[in-house]
Amino acid sequence: MPAPAPITLIVGDEELLVDRAVAAVVAAAREADPDVDVHDLLPSQVGPSTVVEVTSPSLFGDRRVVVLRSAQDLVKDLAETVTAYLANPADDVSLVLTHAGGNKGKALLQAAVKAGARRVDCKGPSKGAERLAFVKGEFSAAGRRISADAAQALLDAVGTDLREIAAACTQLIADTEGQVDAAAVARYHSGRAEASGFTVADRAVEGRLPEALEQLRWSLSVGTAPVLLNSALAGAVRGVAVAASPPRGTGDAELAKRAKVPPWKLRTLRQQARGWSPAGISRAMAVVAETDALIKGAGRDPEYALERAVIEIARARGMR
């Protein structure tokens, strides 16, 4: 695995692919130097002095990876500090910028390209055939195979959220042997209460705290990645927010698109949204954002952070 480039620009709004691209850069850096220091930062966590500090040349030659996420959200003075660094990057630092694409923060994106950044595009699959290819790719990467009808059955059961699809693939790979067929998918999704982030998230937004915590502990015990669990929580909160206050005149197809769920799931979202107030939704959104930062390096115990998030989200449902 080659050492990471001095500057890597990861462009796209598909969080799963962005996280994987960041992880690949960090893995390459650690393969080259196991003692490499990694700083994974959100715009809300840094100021210009922080950027200068983590990107300044080391007196002892220590290698560093500095990940600055959501670069499109940087305030003006911070964006200017990063732009100035791009013109003269340090030899012992690998800077990773993630950018959602689009016009917001476009000047910084262009500055990174001009500086010769290695660009990684993270555009998620938007069509059925692309999602099928993604599922098959997940199994292929694990040295496994899934039949075409089984891949379609999995998508029918899970929906269109890429993290949920990836988590379902991971769990099927772990729980089955040989080629996965449609019967195996059917058994998995209808024959057991799977330890998944989807169940944890559903129970949390429904205010069913004991069940949510039980499912969370089960999910963690079978190795479900904390980032996938928090993604499921974020998706559930987002869905409740959309269903609780739909814009006037918005049809179901557009609502489903905003909530990032298949249209058939809107009925469930509307049921889950009962009892939620704007204050509660705002609190739940803040919780998942805080938990995301804790899981990605700001905290030391992802499992504790997730348990706290589930408790806070379930309690937020009753806020007025």
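Per residue, the convex hull spanned by the alpha carbons of the range 197-316 comes to 93 Å³. Take the Cβ atoms of residue 245 and residue 91, set R0 to 35 Å, and the FRET efficiency comes out at 0.10. For the chain, evaluate the Debye formula with one uniform point scatterer on each Cα (no solvent term) and list log10 I(q)/I(0) at q = 0.07, 0.12, 0.14 Å⁻¹, rounded to two decimals. For the chain at q = 0.07, 0.12, 0.14 Å⁻¹, log10 I(q)/I(0) is -0.31, -0.92, -1.20. Whole-percent P(r), the range 128-190, all Cα pairs, 10 Å bins from 0: 24, 66, 10. Can you put 264, 218 in order of Cβ neighbours within 10 angstrom, beginning with the fewest? Final ranking by Cβ density, sparse to dense: 264, 218. Residue separation of residue 104 and residue 274 scaled by 0.36 nm, minus their Cα-Cα distance, works out to 57.7 nm of gained length.
Using the number of other C-beta atoms within 10 angstrom as an exposure proxy, rank 76, 136, 114 with the fewest first. Don't jump to the answer; show the numbers that get you there.
Working: 76 8, 136 18, 114 11.
So the residues, fewest neighbours to most, are 76, 114, 136.
Just need the relative contact order of the range 7-121 here, percent rounded to a whole number, with Cα pairs under 8 Å and 6+ apart. Walk me through the numbers on the way to the answer.
Numbers: 178 pairs, mean separation 47.7, N = 115.
That works out to 41 percent.
Whole-Hz Karplus values for the range 68-78 come out as 10, 7, 6, 4, 5, 9, 5, 5, 4, 5, 6 Hz, taken residue by residue from phi with 6.51 cos²θ - 1.76 cosθ + 1.60 and θ = phi - 60°; glycine and proline positions read x. List residues of the range 261-286, by number, whose backbone nitrogen lies under 14 Å from a label position 7 Å along Cα→C-beta of residue 13. Correct set: 261.
Under 5 Å from the amide H of residue 66 lie the amide H atoms of 39, 94, 95, 96, each residue being 5 or more positions distant or on a separate chain, with H modelled from the backbone and absent for Pro and chain starts. Would you calculate, for the chain, the mean residue ellipticity at 222 nm contributed by helices, counting each DSSP H stretch of 4 or more residues as -39,500 (n - 2.57) and dividing by all residues, to the nearest 500? Only helices count here, giving -18000 deg cm²/dmol. Counting only residues at least eight positions apart within a chain, or on another chain, the lysines with an alpha carbon under 28 Å from that of residue 114 are 76, 104, 106, 123.
By counting other Cβ atoms within 10 Å of each Cβ, how are 304, 85 ranked from fewest to most?
Details: 304 11, 85 20.
By the 10 Å Cβ count, ascending: 304, 85.
Between residue 141 and residue 30, the modelled label-to-label distance comes to 1.6 nm, taking each label 7 Å out from Cα in the direction of the beta carbon. Across the range 226-240, computed HN-Hα scalar couplings (Karplus, 6.51 cos²θ - 1.76 cosθ + 1.60, θ = phi - 60°) run x, 5, 6, 5, 5, 4, 5, 4, 4, x, 5, 5, 4, x, 4 Hz from first to last residue, x flagging Gly and Pro. Bridging of residue 127 to aspartates and glutamates at a Cα separation below 13 Å is possible for 161, once same-chain residues fewer than 8 apart are set aside.
Here the range 283-320 is scanned for amide nitrogen atoms under 13 Å from the site 7 Å beyond the Cα of residue 45 along Cα-to-Cβ, giving 289-302.
Karplus-based coupling profile of the range 242-248, in residue order and whole Hz: 5, 6, 6, 9, x, x, 4, with θ = phi - 60° in 6.51 cos²θ - 1.76 cosθ + 1.60 and x standing for Gly or Pro. Of all lysines in the structure, the ones whose alpha carbon falls short of 17 Å from that of residue 265, not counting any fewer than 8 places away in one chain, are 257. When peptides 248-255, 9-16, 208-215, 65-72 are ranked by their average number of other Cβ atoms within 10 Å per residue, the highest-first order is 65-72, 9-16, 208-215, 248-255.
Values in this text are rule-based calculations from the coordinates and carry no lab data. Not measured: the values here are computed from a predicted model. Using ideal geometry, Cβ is built from the backbone for each residue, glycine included, and neighbour counts are taken over all protein chains shown.
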